[in-house]
Each structure stands twice: as structure tokens, then as C-alpha cells.
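Here is the structure we will look at.
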Amino acid sequence: MKNLYVLGLVASLACHSALAQTSSTTAPSLNDKPAFIADLMSRMTLDEKIGQLRLISIGGDMPLTRLADEIAAGRVGGTFNSVTRKDNRPLQDAAIQRSRLRIPMSFAYDVVHGHRTIFPIPLGLASSWDMDAITLTTRTAAIEASLDAVDMTFAPMVDISRDPRWGRTSEGFGEDPYLVSEAARAAVRGFQGTSPKNADSVMSAVKHFALYGAVEGGRDYATVDMSPMRMYQDYLPPYKAAIDAGSGGVMVALNSINGVPASANTWLMQDLLRKDWGFKGVAFSDHGAIVELIRHGVAKDERDAARLAIKAGIDMSMADTVYLEQLPGLVKSGDVSQKEIDNAVREVLSAKYDMGLFHDPYRRIGAAAQDPADVNAESRLHRAESREVARKSMVLLENRNNTLPLKKAGTIALIGPLADAHIDMMGSWSAAGVAAQSITLRQGMQKALGDKARLIYARGANVTGDEKIVEYLNFMNWDKPEVTQDKRTPAAMIAEAVKAAKQADVVVLAVGESRGMSHEASSRVSLDLPDSQRALSRALKATGKPIVMVLMNGRPLTISREREEADAILETWYTGTEGGNAICDVLFGDYNPSGKLPISFPRSLGQIPTYYNHPRLGRPFTEGKPGNYTSQYFEEVTGPLYPFGYGLSYTDFSMSDVTLSDTTLKRNGKIEASVTLTNTGRRAGETVVQLYIQDIAASVVRPVKELKDFRKVMLQPGEEKVVRFTIDEDKLKFFNAQLKYAAEAGQFNVQIGLDSVAVKQQGFELK
Ligand code: BGC
């Protein structure tokens, strides 16, 4: 039997006939999915059905041999966190050879921004505004993950976040519904390829459904209370986009929504997801979320929690035994119907079917003889792809006196706690990426400079001098402590850095957050650079040397002071495996930066939320007028430090006024808005032309503007291009007070610009 399975193609036949053997009647064709699953379910006991709803984390309390026995007993449907063929093969063997019905297992993993090759964090990917680049990252990740026996990923994470205190801001694509929706689609396209059943595809499970990014105060796991209009308009579209793109799964959020935890929320899971959106895939709870219904205070015990979750429509319960232990009794007592169990089981089996596992349970495990000798072999990485995308993901925030690009000459002082930090290049959720394989900025510089210039390195500071914070960061769920402290005094480290700076022509200062600071459960009360790094920056400023600040962080930071201290600032987020090389490509001008912010940078913490597409106000702050009795904070300049959509280039662009093909748009008609973009500088470069729409008067308060389209345009020096956008009724639609999605007749402004603030505008009317 085993041999048949590992013989590749024959495996599917073997699996099918194995299933058929247990039935006295002829089994339906494997190609007839509904009939096949119905037949299989007709032969399952209640316990076997409930077993399929259990998703277990590898590396938890259960030894692997025991896990194999549990699988053989039909008490596990899938696992996550094991990512070698060698690890997953015996688990699949247990299901296929030893379980009564031989239902294949599925293997999942959090492949969020790369599998073995790590790409920039999603916030960085969004900064590229390049959807093909995003698809390239998820396609590459799917290829690598599927070669490691992974069938599905808990990604993309598409939670809109407008509060950078939230550590998981790093995992998402920013603050804007349109951009995040585009990114969601692009990501699913790459993960699933032409079909999740392909051997080189992984099924995606979009997360965290829903509204997780809106947790109160940016405090992880906090509650969400939100008007339906805002939900529909701003927060829900990205999940829907991923589902419409075919995402086979959904992971349910840990938070409650207007008083009902997502994991028990029948409105969310049934009415919206399944009925309104027509979602046909599988819904997973987040880690331990069903039991947490007790702590939310909506379930009195585990039995109650399991009842609420299964009734809401959570198909698989992650990392707990609550379904396994409670559902049999609940069915027996009639509190949960057989139909409710069947609905969940059908989704789980259906997802396995869609991943091609009934056709070949070993399609991503392969034959033992072909197992890689070294799973971390260099040859398994996609470095070129990683570098290409990383270059695109950086945002040039400042460049006074054309400090950048740097010359590969003279003496460069590379300073900062993140200049040589392998682990932090990777960002959080770096899957099976190996930190030692990442290129640090120091390594990248050594390579880029060779013997053309002298490089002096000094650490200058620890990421933070606060030992309690270090303890917290190291306590988190990493394999080993990853924030390592230099034991020298801060003064000694700064003195060394200042000495290095004094010998140099320019200082490159790599500062920001350790990756754990922008992670799950890493909410912050301050968005400043930690004091240790601020002191370093100040001391370097005093040397009078030009400073190029290279930021590594997973959320917008408040860098008003650093903006004054640095001559150039490059936001690199966390750039991944090829980070050091990619950053050098930008610093030395081998690549002209083209990234744009997918999230606004506030001036100070007190300004949050700072998102650009906020609702219109009766007393908006008006530039140039005394700000009395208008909406502002009186102690500070109004508006973000760097707006959404902002980012500089080494070349200059000029944009003409907006031309409209017509000033009247008929329903079902189209008009065209165009601008002429010219590269007026001396280098080839790309920029992002952004289209915003403002609804001048509607039945409800509308945002000041909304991104509706964008184009990334490459221009040679002196070259000009006409950039055209089509505006139709769809671009004007919104959810009104009755949650009806429609465009209302009236006046609109179309705004086009290279960021969300510096725009040119024309008006038109929808008739
Ligand atoms: C996170 C999810 C993740 C899951 C499994 C949870 O803590 O919230 O995003 O997919 O763990 O690793």
C-alpha cells in the first residue's frame, strides 16, 4: 500500500480505491466532487467527522508518535507548523495507511511574506504599489512551501490598520481599503496559482476575519466597536477581495465585533460571509480562539464555547481539543445538530479535495528518495526575486542636498544596532526563513563597496536600553532569545560611533525596531525610536557629518526629530533575505527608489488616527486660518508628517493638470481622466500616479478623498507619458446608511497626484 502511494501518479488511484473498499456500493467518481464527498461522509462515524475538525499545532505538547496515533484513530484533520517532507510524511502515512477511511491530512503553515526565501514584510510589499511584485512573492513562497510539504497558508493578512501602535500593522498592507484589496487579490493569485490543487500551489486562508486591525487603542486582542457603514466601506473590502480572488479559507479574528466575538458571531460568519458573499471555503478559528470565548464572557464553559463556535460556522478549531471533546456530547444532547457538524466537515473535506489531496495525498510530500538532503540549501532559495522586490519596497522619505545616492568612494561609517542584525532583516512571521542566510546592511555594504571605499562599522547603541523590554521581547515565542545586548555602557558605544563618524565622509545610521517590536502582542505606547537610539542619532548629528538614516521597522514611527537630524531618510521596513543587498542598491543608486507609503506617518502619537481618507467634518482644519474652533491639536502642526502615497525618487517628476474627457458621467458610462507625467530629472525612475475621488455631497458623510486607482510608471530622463484612468459609476459607489452599495448623482472631484496631498483636481457630475 505504502509503495503505491509514494509512486507518485499511482497514488491517486490507490487512495480512491482504498476509500472505495470500505463501501459495498460502487464509489462515485473521484472527479465528481459533491458526490465523492457525500459518499465519503455517508461512511464516516460522528467521531471521525469531529476528528476532521481538529487542527493541531506541531511543536505543542503532543509528541509526534502520539500525534501519528491520533491521526490513525481519525482524531485529527490537519496540522500546522511542520515544514519538511520528512516530518509530514509519517503523519500522512498514519492517515493513509492506518486510519479507517484513509482521509488525507492537510498541512498548513504561516507563510506570510516568504517561506524559506523571505521577502519584505507585507507593509513593505504594499509600499511597492506593484501588484505583480506581490504576486511574485506569494508565487515564490508557494513554490518553496509546497516543496516542503505545505498544503496551505494562513495568509494573506489583510486587516486594515490605522493605528500604528498595533504591532501587527507590519503584517498587513496598510490603511487604505483599495490598496489593501488590490494587494489581497495579488497575494491570493500567487499563493494559489491557477488552482490550489496544483502541486506547486498552497491554498490561502485570508485573515483575520474581521476587523482585527481596528482593535481599540491598537492594543492587540482588544475589542472592536464600529459602525456598520465604516465596516462595509473601509474594513471589509480586503477580505472580500481575497475571497473573490478564490481564497479557499478564512481565518477568524480573535477580537469581538460590536459585542460579539468573531468566533461566535453568526452575523459575521453566516449572514455576511456565507450568505451575502457566497463564501464556499473553510473557516478556521485562530489559535485557541474558541476556548477564549469563555474569557470573552460569552460562553460559560468549553461546552458552551464549542456550541457557539460550531453554530457560528467555525469549521476547524485550531490548537485546542474543544471540538473533539465537546461536540460528541453536544450532538447527543441535541444542542448541536448533525447537520451543523456535517456542514463543517463538508468544508474541511472540500478544502482537502480542492488542494488535490484526495487525488494524491502525497502531492506535496513526494517520494522519500527525492527529499532534499539539506532543507536549508542555498540552491532552494530565490535570492534574485527577493532582492528585486525588496528594492521596490523602500520609501525615500527625505533627501536633502541630494545626499543620496552615495558614492562608492571615500569613507563611510555604518552605525546602528540594526546595521548588522540578521534576524531583524527578516521581520516577524518569517516562516522557515533562516536568519543566518539573510544579508545584513553591513554585509551588503562590504559587498557593494569592495575595495572602492573604506567602511567603518560601530554598533553605537542597543535597540533599547530598557532591560524589561528586552526581557519581554525575548520571552515571546521565538526559538531562542533574539535581542542580544551589547554589555558596554551606552556612553562607550556612542563614543565609539562618534569616533567612527568623525573619520567618515558620511554616516549611514541603521535604526528602528527589533523585529519582535512589530509583531503579534507587540503593541506600543510610543512610536518614537527607543531612547538609546535617539541618543545615538543626536550625538552623531553633533559631528556635523551628513547622516543617511536607514529605518528598519514594522509600523510608522514618529520621527519628527530624526527628520531634522538626518539629511536623508530611507524607510526600508524589514527587507528580508536579500535586504542588505537591496538597501545598498538604493543607497548607491543602482536602483532608483520608487516606493510610496501605504500608511500615513503621524507627527506624534497623540495624532493617531492619522489616516488620509477620514470622513468630512463640519469644522475641518483649514490651512492659513487661525485654527480656532476647527478640528486640530493646537500644540502641533496639523496633518501627517508623511502622507499616504508619499515617497521620493532620485529623479524629479512633473505632472500636468488633469484633463477630463467629459464633465458629465452617465450611469453605465465612462469618462477618462488623464495627466501627462514627465521625468524632468537626470535619471530613469518610476513613480506611482494615484487617482483619488471626492464625493462633494452625498446622503451620508463621505471621506475627504478615496484612492480609486493607481499606475506605476517608468520614465527615462526627459520622457513624458500620458497616464489615463477610466472613471465609471463603480468608482463612485459607496455603502449608504441602509448599507446599499450605490453611487449617488451629483458633483465629484477627481484628484490625481504623486501622493495623497499634492494633487491636481477637476470636477465632474454623475447624472
Ligand atoms: C495568529 C495567527 C496565526 C496563528 C497560527 C495566531 O497567534 O493570530 O495569525 O495564523 O497564530 O500560527
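The values are calculated or read from the model by the stated rules, or taken from the named source; none is laboratory data. The shown structure was predicted, so the numbers you read here are calculated from the model rather than taken from an experiment. FYI the Cβ positions are ideal-geometry reconstructions off the backbone, even for glycines, and counts take in every protein chain you see. Just the protein is used for accessible areas: all its heavy atoms, side chains included, with ligands, DNA and RNA removed. Shrake-Rupley method; radii C 1.70, N 1.55, O 1.52, S 1.80 Å.
Given the structure, is LEU46 open to solvent by 30 Å² or more (accessible area, probe 1.4 Å), over 31 Å from the mean Cα position of the chain (by Cα) and away from the ligand (no atom under 16 Å from the Cβ)?
Here the answer is yes, as LEU46 does meet what is asked.
Which number in (1) surrounded by 18 or more Cβ atoms within 10 Å (Cβ to Cβ); (2) under 25 Å from the mean Cα position of the chain (by Cα); (3) under 18 Å from SER181 (Cβ atoms) marks the one condition that ARG711 misses?
Failing condition for ARG711: (1).
Residues in the range 493-511 that are among the β-branched types (Val, Ile, Thr), under 23 Å from VAL586 (Cβ atoms) and surrounded by fewer than 24 Cβ atoms within 10 Å (Cβ to Cβ): how many?
The number of residues fulfilling the criteria is 1.
Which of the residues that make up the range 659-689 are touching a Lys or Arg at 6+ places or on another chain (Cβ under 8 Å) and open to solvent by less than 10 Å² (accessible area, probe 1.4 Å)?
Matches in the range 659-689: LEU665, ALA673, VAL675, LEU677, THR687, VAL688, VAL689.
Within the range 227-264, how many residues turn out to be part of a loop (DSSP other than H, G, I, E, B) and open to solvent by 20 Å² or more (accessible area, probe 1.4 Å)?
So the count comes out to 5.
Looking at (1) crowded, with 23+ Cβ neighbours inside 10 Å; (2) part of a loop (DSSP other than H, G, I, E, B), which is the only condition LEU273 fails?
Of (1) crowded, with 23+ Cβ neighbours inside 10 Å; (2) part of a loop (DSSP other than H, G, I, E, B), only one is false for LEU273: (2).
Between ALA126, ALA108, ALA141, which is within 14 Å of the ligand (Cβ to nearest atom) and of a type in the set (Gly, Ala, Ser)?
Just one listed residue meets the conditions, ALA108.
Here is a list of conditions, (1) open to solvent by less than 30 Å² (accessible area, probe 1.4 Å); (2) of a type outside the set (Ser, Thr, Tyr); (3) within 16 Å of the ligand (Cβ to nearest atom); (4) at pLDDT below 95, and PHE475 meets all of them except one; can you say which number that is?
The single condition PHE475 does not satisfy is (1).
Among helices (runs of 4 or more DSSP H) lying entirely in the range 402-489, which contain 2 or more residues that are touching a strand residue (DSSP E or B) at 6+ places or on another chain (Cβ under 8 Å)?
422-426, 441-449
Give me the pairs: first residue in the range 432-443 and farther than 20 Å from ASP87 by Cβ, second residue of a type in the set (D, E, K, R) and buried (at least 18 other Cβ atoms within 10 Å of the Cβ), beta-carbon distance under 6 Å, and six or more apart or on different chains, which are they?
Listed by first residue and then by second, the contacts come to ILE439/GLU578; THR440/ASP420; ARG442/ASP420.
For the range 497-533, give me the residue count where each residue is under 18 Å from ILE415 (Cα atoms) and of a type in the set (S, T, N, Q).
Residues flagged as under 18 Å from ILE415 (Cα atoms) and of a type in the set (S, T, N, Q) within the range 497-533 amount to 4.
Pairs under 6 Å by beta carbon, first residue of a type in the set (S, T, N, Q) in the range 207-224, partner open to solvent by 20 Å² or more (accessible area, probe 1.4 Å), six or more apart or different chains?
Cβ pairs passing all conditions: THR223/GLU216.
Do any helices (runs of 4 or more DSSP H) lying entirely in the range 284-390 carry at least 1 residues that are more than 16 Å from the ligand (Cβ to nearest atom) and open to solvent by 60 Å² or more (accessible area, probe 1.4 Å), and which ones are they?
302-312, 322-333, 338-354
So, of the residues in the range 71-91 that are of a type outside the set (A, V, I, L, M, F, W, C), over 27 Å from the mean Cα position of the chain (by Cα) and surrounded by 19 or more Cβ atoms within 10 Å (Cβ to Cβ), which turns out to be farthest from the ligand (Cβ to nearest atom)?
That would be GLY74.
Residues that are touching a residue at least 12 places away in the same chain (Cβ under 8 Å) and among the charged types (D, E, K, R): which strands (runs of 3 or more DSSP E) entirely in the range 54-167 hold 1 or more of them?
Counting at least 1 such residues, we get 54-57.
Name the residue, out of ALA409, ALA461, that is of a type in the set (A, V, I, L, M, F, W, C) and over 28 Å from LEU648 (Cα atoms).
None of the other options fit; the residue is ALA461.
Return the residues of the range 558-604 that are surrounded by fewer than 24 Cβ atoms within 10 Å (Cβ to Cβ), assigned to a loop (DSSP other than H, G, I, E, B) and of a type outside the set (Phe, Trp, Tyr); say none if nothing qualifies.
Correct list: THR558, ASP567, GLY589, ASP590, ASN592, ARG603, SER604.
Any residue that is open to solvent by less than 30 Å² (accessible area, probe 1.4 Å) and at positive phi - is there at least one of those in the range 397-420?
yes
Could you run through the range 194-226 and say how many residues are open to solvent by less than 30 Å² (accessible area, probe 1.4 Å) and either farther than 27 Å from LEU136 by Cα or under 20 Å from the mean Cα position of the chain (by Cα) (or both)?
21
If I filter the range 185-225 down to residues being of a type in the set (A, V, I, L, M, F, W, C) and in contact with a Phe, Trp or Tyr (Cβ under 7 Å, 6 or more places away or on another chain), which single residue comes out as nearest to the ligand (Cβ to nearest atom)?
ALA205
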